[in-house]
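The values are calculated or read from the model by the stated rules, or taken from the named source; none is laboratory data. Computed from a predicted structure; not experimentally measured. For neighbour counting, all protein chains shown are included, and Cβ atoms are generated from backbone atoms with ideal geometry for every residue, glycine included.
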Amino acid sequence: MTNTAFGSAEPAVLVLEDGTRFEGAAYGKTGTTLGEVVFTTGMSGYQETLTDPSYAGQIVVMTAPHIGITGVNKTDMESDRIWVSGYVVRDPSRRVSNFRSEGTLDDNLVEDDVVGISGIDTRALTRHIRSAGSMRGGIFSGADYSSDAEALVAAVNAGEQMAGLSLSATVSTTENYTLPATTERIGSIAVLDLGVKRATLGYLADQGFDVIVVPQNITPDGLLALKTDAFFFSNGPGDPAAASGQVEVLRAGLRAGLPYFGICFGNQLLGRALGFDTYKLPFGHRGINQPVLDKATGKVEITSQNHGFAVDLPIEGSHESPEGFGKVEVSHYSLNDNVVEGLRCLDIPAFSVQYHPESAAGPHDAHYLFARFREVVLAGKGESK
Amino acid sequence: MPKRDDINSVLVIGSGPIVIGQACEFDYSGTQACRVLRAEGIRVILVNSNPATIMTDPDFADATYVEPITPEVIESIIAKERPDAILPTLGGQTALNAAIQLDELGILEKYNVELIGAKIEAIQKGEDRQLFKELVIEAGADVARSHIAHTVEDAIEYAKDLGYPLVVRPSFTMGGLGSGFAYTEEELIRITTDGLQSSPTTEVLLEESILGWKEYELELMRDGSDNTVVVCSIENVDPVGVHTGDSITVAPALTLTDREYQRMRDIGIDIIRSVGVDTGGCNVQFAIDPSNGRIIVIEMNPRVSRSSALASKATGFPIAKIAAKLAIGYRLDEIPNDITKVTPASFEPTLDYVVVKVPRFAFEKFPAADATLTTTMKSVGEAMAIGRNYTTALQKALRSLEKRGSSFHWGTETRSAEELLTVSATPTDGRIVTLQQALRAGATVEQAFEATGMDPWFIDQIALINDVADFVAGADELTESVLAQAKDHGFSDAQIAELRGLTEAEVRGIRHGFGLRPVFKTVDTCAGEFPALTPYHYSSYDFETEVAPSDRKKVVILGSGPNRIGQGVEFDYSCVHSSFALHDAGFETIMINCNPETVSTDYDTSDRLYFEPLTLEDVLEVIHAESQSGELVGVVVQLGGQTALGLAQGLKDAGVPILGTTPENIDLAEQRGEFARILDEGGLLAPRNGIAHNVEEAIEVAENIGYPVLVRPSFVLGGRGMEIVYSTDAVRDYFVRQEGQALIGPDHPLLVDRFLDDAIEIDVDALYDGNRLYIGGVMEHLEEAGIHSGDSCCTLPPVTLGRAQIDRVREATEAIAKGVGVRGLLNVQFAISAGILYVLEANPRASRTVPFVSKALGIPLAKAASLLMVGKTIDELVEEGMLPEVDGSRVPLDSPVAVKEAVLPFKRFRTKEGKVVDSLLGPEMRSTGEVMGIDRDFPRAFAKSQAAASSAIPLSGTVFVSVTDEDKRAIVLPALRLQELGYELLATEGTAEILVRNGIQARTVRKHSEGSVDGDPTIVDLINARKIDVVINTPSGSSARADGYEIRAATVAADKPLFTTIAELSAAVSSIEAIRNGFEVRSLQDYAIDRAERLAASAPASA
């Protein structure tokens, strides 16, 4: 718990690809980082956000001003490390207070080599991204801070574009591993790790699945060889259009009649596997207050979301899969902007949602989806018997 | 589900007078509800006895009943109006209790009227502690261990199980009334006895102590399709043990991880479902053990609450408005978010700023009261501030309190860290400043946590503020960077000036020299994710401003800040009216205020809203921001009470145009010499008087003009520091007591007036445009001069003044208006003593009675005043029909009479020994609110006012009489009448003697000081035993009043009617007949029709 003397911070600057600059103080590791600048509006759960692999390649702006108050602990980590490529906050906490805290966020950021910036007008930055769209940016502190302004903009523009980028290999496991069912076992499920969160694995195991987590580069034959009762594609970073290998694996599973459940990236890939397109949203949905309508029940769920891409499909009516998987409908959509938030296949046992029912962080309104999937798997088994 | 088509008319129940625990937040919620329902094409019928509210404006409902909120009256309204439904969830506990009574009496069934917003069963589940506890446990959550007691004996038995300390909470009371911590059996007996008394079901809950835990609230909304959202989380900075209304609170909750927060959210949603709040808002309170995270549910309110108002202002999500829409059938996702317009209300607001609320107390008005904060709410108001971080929000909130010493300071502090920590261990008003001083004096965060139980993070934020202060004080130079850092932690120019040994103006000059000014951000419900279309702003020393340019003519209206005794909802009423009138006249209206309870801080009220402290610095910055475009016509300062008025000169000196009466002329009325000249010129008399700057001068003046004298500090509202003084010793005593409160000084002299005994006091509200005087109303006080006008009962029109007297009052008012140079409103107080009219004081500003006059006579004074300020004339306003042709000084004989009665908070305040504080009225105002009774004559109107104030005289029973010698003549007639009406009379020896000699059978009863002998009880014993139904006790002027105090304290504690003046008693006696016959009800709209008809009838035939 550091009580650094007031007014002694090192300077840092955030530079956007359009040349906009925000001067602030260095936070976390000192140095340079590049990435796509996105904002998230959740007021709680910074640790879950930071350790969510979906944020790989992104500089994350927290709209909530105070970050770090509850410190960090092992339980709230959604993966082994912090994945964001940069972190932007207004008021980092200089003191930690929580009975579960095991350390400070500052130390955690430094340990995981995350370059950040604090003390900037995060609302102005958010509004800029909201109107201009997500864009590339860089945080520069230490020696690079003093570089020529044009040089910094050039450095940012030399960085990678999120559109067309595949990041699955960066975040995925390279080896299979298994988590046993934590309740009465009903079968096994293969989870394609595209950046999966621990909460998701936990909820699947709670539904009675032995969870076999497999790397993102598994082949269609590799998946089928596992002989699981169901399969699942996780959330993860990158452009779904750049994931053709995984789309092929998904199609193989569907053709084999395996029940499928997907979250986030797994929803976009189901869309592509069925033969629909995906597109990049202007600035994405990132927060834990996003209203989604479940068309089947007419009920509203407050959901946790983190996506920059979406499936391109009209929210009304049912649509024929160009890839021959039968009829498909949009099961959920965003009440804020009518973006597709869930797909349901009417002729095969497959559904997915664009938001995060595992909700770490976020409200628990959509937990029921895990149970719903269990029912789908059980119903399929009943039929085959 | 869209809007129901079977609801065409709705009766909305308001919350009655402002009392501690139930203030103008319910005016805000009720006003929103009325607006929404009318916009949906529903006929709105409203009942509320509080004339100071905006909701009771005839424009907000189709039928407005300013009538007592009693089941009988509501039944009459239902019978007359036959509403399809009743909406009881927006009028606080008062409305909810009324709904329960209507149900129990079978009235709902009889008239086939449906309760919407909450069902009786749900109300009971939420309020009945045992039912609620079971339901929480069923929902898988935890509660504090507890027992229900119906007798004191039970309570003592249960305490053995729970251990001390334990919490006592009476069922079905509001604002935590009657609840408290018992550390010993003695305390348990006392609190339980009172608690059983204040609970309508004679029931208290005894609970395991969770003192020192973290406390949280969630504001939830649910629609008829079971969609539930959390609108706002609120964290109490003061841990469990201090009522949430008395705590410093922050939104959103800051010290929880997502896991803990979501667990709380899950529990909240389970509770709102199992309680069965079918639609609308609900508030759930939690305690969390800081050492292990155990969550306990404390309680829930199945209605819109004080916290919902705060949550609405904190998030921009209008809970009451949405609740009203849900009640008539809409679903959350069918209602658009007002602020973004494009997204639905079925979401959870997210904040990119921090909101801090701080309570405002009035202990200075009740010197005998124990100022320790407990689970019984004692604050009378609150201020809210918004900042981009906690330090800023906290510092802004503290300076919004406008109270000396409420802000952090770095002056001399002689106490040691240990002493300061010991003091801050007890929660009191101002504890946070003591804590800041303790940290300054070297206390560690850990020590401060041990002492207060506040979360270490909150304490460290205070340490951070101290560090910034050190940095500012120690900087070589006041550079832009140093200033910017101080500003980012909410330091005011005044604080920086203190740290640097400069003046506030110098700091401001340096700061402006650097071009360092705040920007203004927007409260948008979504942290910038969507564009906000509602200009609801707060300041921040950040980078980008969001104030949209406009080319319109602008008027800034200064609100009245936190509610306090003497400055409450009445001033908000005037500010809101001003905003409406000026908007309609084509101006862009800009409201600045910091009180989250009010209608003025609803983003719907003005064209632009700035939620900012009302200090010169903060107001100047808003004005600067708004001066960047359009044309600033001026600032309205005369409607926001002393708060706004106090800023007038500073604004003018900074070159800001002031609308209406100039600051110099406002000053004239307060400057004794100048004012005397104006009176001389008008041929008017004032009581003999003088001014004093210190005790010696005061004694000299007093001895010169003769005792008794009325002393009064200048530039105060609500009679702060005002007393009647009978001797030189008393003058000395007065100065000792006022020391350190900065009421009297070189610029603020003490005014000393000869006190007029037995005078009739008259209050006048008037308009003046420089040419023509327009009287709003002439009000006659029931009590003699000497009781603050805010605490006295008054009648409009006057009922004992002659034509000639009223004419004289009118002429005098005109002379003063002209002499002072009033443009806008003027309030003058007169006294008639021995047939002579004296001018007591004149205030060129909106008074507390403006809304009362407007409701009673249908004259929109505040609206008219605002238009006068921007250049209209009274002639024009009469011509345009805004003002009636005939002003308020001539009220036709067949017009109704309106009576205003004050509501006093004595019951809330206890001495350290646990006794109720004294309930005597005096020149210092102590009432928190008011009610109005309106009917065809004075006795009927008076009876209604008493019923509305819950002080109605019972229709039979035992009356105790004890009066001073001066009153013995006057008591005879009312006592005789009481006997004729069948009451039994008891009296102390002296009074009984007089009564018996006058043929009244009065039994003698022992005085308290005589003690009970051989089982012969004293009067206090009888009152405590609930054997007395009415108490009449008039205090003698200056002598020891111990006996009287014991009697009054017992009466207040027993909740029985208490009369301390013969005037009030006589009125009550004359009204008994009216009560016996039952009340007739009539809406303000019908009264307006009557007025119009009278006018038409009296108009010349040729017209």
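When B:G740, B:G745, B:G777, B:G721 are screened for being surrounded by fewer than 23 Cβ atoms within 10 Å (Cβ to Cβ) and in contact with a helix residue (DSSP H, G or I) (Cβ under 8 Å, 6 or more places away or on another chain), only B:G721 passes. Counting only helices (runs of 4 or more DSSP H) that sit completely within region B:989-1064, those holding 3 or more residues that are within 21 Å of B:D967 (Cα to Cα) and in contact (Cβ under 8 Å) with a residue 24 or more places away in the chain correspond to B:989-997, B:1042-1054.
Number of residues in region A:305-360 that are among the hydroxyl-bearing types (S, T, Y) and closer than 22 Å to A:L378 by Cα: the value is 2.
A residue that is part of a helix (DSSP H, G or I) and crowded, with 22+ Cβ neighbours inside 10 Å cannot be found anywhere in region B:981-988. Scanning region A:112-133 for residues that are surrounded by 21 or more Cβ atoms within 10 Å (Cβ to Cβ) and either of a type in the set (K, R) or away from chain B (no Cβ under 14 Å) (or both) turns up A:V114, A:V115, A:G116, A:R123, A:R127. The residues in region A:75-91 that are closer than 17 Å to B:D258 by Cα and within 13 Å of chain B (Cβ to nearest Cβ) can be counted, and the count is 4.
Where helices (runs of 4 or more DSSP H) fall entirely within region B:856-968, those with at least 1 residues that are surrounded by fewer than 20 Cβ atoms within 10 Å (Cβ to Cβ) are at B:874-879. Filtering B:M384, B:M377 for residues that are crowded, with 21+ Cβ neighbours inside 10 Å and in contact with a His (Cβ under 6 Å, 6 or more places away or on another chain) leaves a single hit, B:M377.
Checked against the criterion of being part of a strand (DSSP E or B) and either in contact (Cβ under 8 Å) with a residue 40 or more places away in the chain or small (G, A, S) (or both), region B:808-816 contains not a single residue that satisfies it.
Report yes if some residue within region B:491-507 is within 23 Å of B:A253 (Cβ to Cβ) and either surrounded by 21 or more Cβ atoms within 10 Å (Cβ to Cβ) or within 12 Å of chain A (Cβ to nearest Cβ) (or both); otherwise report no. No; the residues of region B:491-507 include none that is within 23 Å of B:A253 (Cβ to Cβ) and either surrounded by 21 or more Cβ atoms within 10 Å (Cβ to Cβ) or within 12 Å of chain A (Cβ to nearest Cβ) (or both).
Screening B:L750 against (1) under 20 Å from B:V709 (Cβ atoms); (2) hydrophobic (A, V, I, L, M, F, W, C); (3) surrounded by 19 or more Cβ atoms within 10 Å (Cβ to Cβ); (4) over 28 Å from the mean Cα position of the chain (by Cα) leaves a single unmet condition, (4). If only residues of region B:762-796 that are in contact with a Pro (Cβ under 8 Å, 6 or more places away or on another chain) and not small (G, A, S) are counted, the one that is farthest from B:V822 (Cα to Cα) is B:I787. For region B:214-241, taking the residues that are in a strand (DSSP E or B) and of a type in the set (S, T, N, Q), the one that is farthest from the other protein chains (Cβ to nearest Cβ) is identified as B:N236. With respect to A:A379, is the statement that it is modelled with pLDDT under 95, more than 14 Å from chain B (Cβ to nearest Cβ) and over 17 Å from the mean Cα position of the chain (by Cα) true? Here the answer is yes, as A:A379 does meet what is asked.
Regarding B:E529, is this residue under 26 Å from A:G68 (Cα atoms) and among the acidic types (D, E)? Yes, satisfied. Just one of the listed residues (A:A350, A:A296, A:A256) is modelled with pLDDT of 95 or more and either surrounded by 19 or more Cβ atoms within 10 Å (Cβ to Cβ) or within 14 Å of chain B (Cβ to nearest Cβ) (or both), and it is A:A350. Of all residues in region B:122-140, none satisfies being within 24 Å of B:E40 (Cα to Cα) and either modelled with pLDDT of 95 or more or outside the structural domain of B:K863 (by TED's automatic domain parsing) (or both). All of B:E674, B:E670, B:E626, B:E681 fail the test of being crowded, with 20+ Cβ neighbours inside 10 Å and of a type outside the set (A, V, I, L, M), apart from B:E626.
Would you mind stating whether B:A532 is within 28 Å of B:S233 (Cα to Cα), modelled with pLDDT under 95 and within 11 Å of chain A (Cβ to nearest Cβ)? The answer is yes for B:A532.
Just for region A:19-48: of the residues that are touching a helix residue (DSSP H, G or I) at 6+ places or on another chain (Cβ under 7 Å) and polar (S, T, N, Q), which one is farthest from the other protein chains (Cβ to nearest Cβ)? The extreme case among them is A:T32. Of all residues in region A:134-142, at least one satisfies being out of contact with any Ser or Thr (no Cβ under 8 Å at 6 or more places or on another chain), more than 8 Å from every other protein chain (Cβ to nearest Cβ) and outside any strand (DSSP E or B). For region A:66-74, the criterion of a residue being more than 8 Å from chain B (Cβ to nearest Cβ) and in contact (Cβ under 8 Å) with a residue 60 or more places away in the chain is satisfied by no position. Which of the following residues is surrounded by 24 or more Cβ atoms within 10 Å (Cβ to Cβ) and either at pLDDT 95 or above or of a type in the set (G, A, S) (or both): B:A817, B:A804, B:A834, B:A812? From the options B:A817, B:A804, B:A834, B:A812, the qualifying one is B:A817.
Looking across region B:621-650, the residues that are without any contact (Cβ under 8 Å) to a residue 60 or more places away in the chain and either of a type in the set (G, A, S) or in contact with a Leu (Cβ under 7 Å, 6 or more places away or on another chain) (or both) come down to B:S627, B:A648, B:G650.
Every condition in (1) assigned to a helix (DSSP H, G or I); (2) among the basic types (K, R); (3) in contact with a Gly (Cβ under 9 Å, 6 or more places away or on another chain) holds for B:R977 except the one numbered (3). Picking from residues in region B:452-464 that are in a loop (DSSP other than H, G, I, E, B) and more than 8 Å from chain A (Cβ to nearest Cβ), the one that is surrounded by the fewest Cβ atoms within 10 Å (Cβ to Cβ) is B:G453. Screening A:E10 on (1) touching a Lys or Arg at 6+ places or on another chain (Cβ under 8 Å); (2) surrounded by fewer than 20 Cβ atoms within 10 Å (Cβ to Cβ) shows it passes everything except condition (1).
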